[in-house]
Amino acid sequence: MKLTDNVLRSFRVAKVFRENTDKINCFDFSSNGESIISSSDDDSLVLYDCQEGKPKRTLYSKKYGVDLIRYTHAANTVVYSSNKIDDTIRYLSLHDNKYIRYFPGHSKRVTSLSMSPVDDTFISGSLDKTIRLWDLRSPNCQGLMHLQGKPVCSFDPEGLIFAAGINSEMVKLYDLRSFDKGPFATFKLQYDRTCEWTGLKFSNDGKLILLSTNGGALRILDAFKGAVLHSFGGYNNNKGVTLEASFTPDSQFVVIGSEDGKIHVWNAESGMKVAVLDGKHTGPITCLQFNPKFMTFASACSNMAFWLPTIDD
């Protein structure tokens, strides 16, 4: 089954889970698409079984809080940032709920965390105006970049380069093997005073970069030339909430939630809006991602919703 405009318009909420008492700040699908883990401002990590459509277990990180949760490549392990006490990144075994390693170094809150798609490296960006490069096997930072402003960062789908969005006005591309030599490309964008960049993602085919903001606009860039291909608006975000935007796995569509619980879908190539779906969420949809392997997606406020298409196109 292929994603088309009609299939996207047919998506409906199949299940809603109310495991959390506060907003879900992040979630991540496992690479095989079989499970999803969420982190919440109520200090809990909830693990869901995507195939059975049910929560499997809940763990807590009461002392440090939990944010920006990411699966690593090993089954049953995650990394996440803290939103209390300190700014250390933690590497947790879900199997026995024990920390495998800590990654200290940032002096202010971590706002961006991206796992390499190919190996044990990951990058983190922080309000301390640095990006750090890490290896899961060592607590020591493998690389440090001092920047002129707050970064958002992400690996490309091949794990060879990473992009850093800085000060909400420029995107720099770095080669992982020689990032200390500086960026090999810099794209300067028109600065928008009304909002800040809150996320950066590559499409799975590596051709596009999606910039999300805490305002009412998204932008898609050509990942090679840096040209802005489309700006998407018309969704509700007046209170400056960080809303996660995502590509569909086939790189053909862009999806984002909104303050009023609706989900907006655009065609990434044409820039046309193809669907507005009602998620019946009680609060702003802060997290939204497609399952990497199955025809389903998840959206979250303080509740988690699983969506399925209702037609075969």
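Things to note:
- First in region 136-152 and touching a residue at least 24 places away in the same chain (Cβ under 8 Å) and closer than 16 Å to L113 by Cα, second anywhere and of a type in the set (A, V, I, L, M, F, W, C) and not in a strand (DSSP E or B), Cβ under 8 Å, 6 or more apart: G143/F179; M145/F179; K150/L127
- Yes/no for K108 being touching a Ser or Thr at 6+ places or on another chain (Cβ under 6 Å) and basic (K, R): yes
- Answer residue from region 184-201, given it is in a strand (DSSP E or B) and aromatic (F, W, Y) and is surrounded by the fewest Cβ atoms within 10 Å (Cβ to Cβ) among those: F187
- As a summary of the residue check, S116 satisfies the conditions (1) surrounded by 19 or more Cβ atoms within 10 Å (Cβ to Cβ); (2) touching a helix residue (DSSP H, G or I) at 6+ places or on another chain (Cβ under 9 Å); (3) farther than 18 Å from L92 by Cα except for the one numbered (3).
- Region 269-292: number of residues that are farther than 30 Å from A227 by Cα and surrounded by fewer than 15 Cβ atoms within 10 Å (Cβ to Cβ): 3
- Residue list for region 93-116, restricted to those being without any contact (Cβ under 8 Å) to a residue 40 or more places away in the chain and under 16 Å from C26 (Cβ atoms): R109
Residues checked against (1) over 18 Å from the mean Cα position of the chain (by Cα); (2) more than 19 Å from K172 (Cα to Cα):
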position: K63; (1), (2): yes, yes
position: V66; (1), (2): no, yes
position: Y71; (1), (2): no, yes
position: S114; (1), (2): no, no
position: D119; (1), (2): yes, yes
position: N140; (1), (2): yes, yes
position: L147; (1), (2): yes, no
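- Residue in region 139-154 that is at pLDDT 95 or above and of a type in the set (D, E, K, R) present: no
- Test: residue in region 213-223 that is under 21 Å from G271 (Cα atoms), polar (S, T, N, Q) and open to solvent by less than 50 Å² (accessible area, probe 1.4 Å): yes
- First in region 117-131 and at positive phi, second anywhere and open to solvent by less than 10 Å² (accessible area, probe 1.4 Å), Cβ under 8 Å, 6 or more apart: K129/G149; K129/P151
- One residue from S82, S44, S10, S35 being surrounded by 14 or more Cβ atoms within 10 Å (Cβ to Cβ), over 29 Å from D278 (Cβ atoms) and of a type in the set (G, A, S): S82
- Selection status of I256, β-branched (V, I, T) and open to solvent by 30 Å² or more (accessible area, probe 1.4 Å): no
- Remark: D250 matches the filter, which requires a residue to be in contact (Cβ under 8 Å) with a residue 40 or more places away in the chain and either in contact with a Lys or Arg (Cβ under 9 Å, 6 or more places away or on another chain) or open to solvent by 20 Å² or more (accessible area, probe 1.4 Å) (or both).
- Qualifying positions in region 162-214 - small (G, A, S) and within 19 Å of the chain's Cα centre (by Cα): A163, A164, G165, S168, G199, S203, G206, S212
The values are calculated or read from the model by the stated rules, or taken from the named source; none is laboratory data. The structure presented is a predicted model; accordingly, all values stated were derived computationally and were not measured. Virtual Cβ from ideal backbone geometry, glycine too; neighbours counted across all protein chains shown. These accessible areas exclude ligands, DNA and RNA; they are computed on the full protein's heavy atoms, side chains included. Shrake-Rupley method; radii C 1.70, N 1.55, O 1.52, S 1.80 Å.
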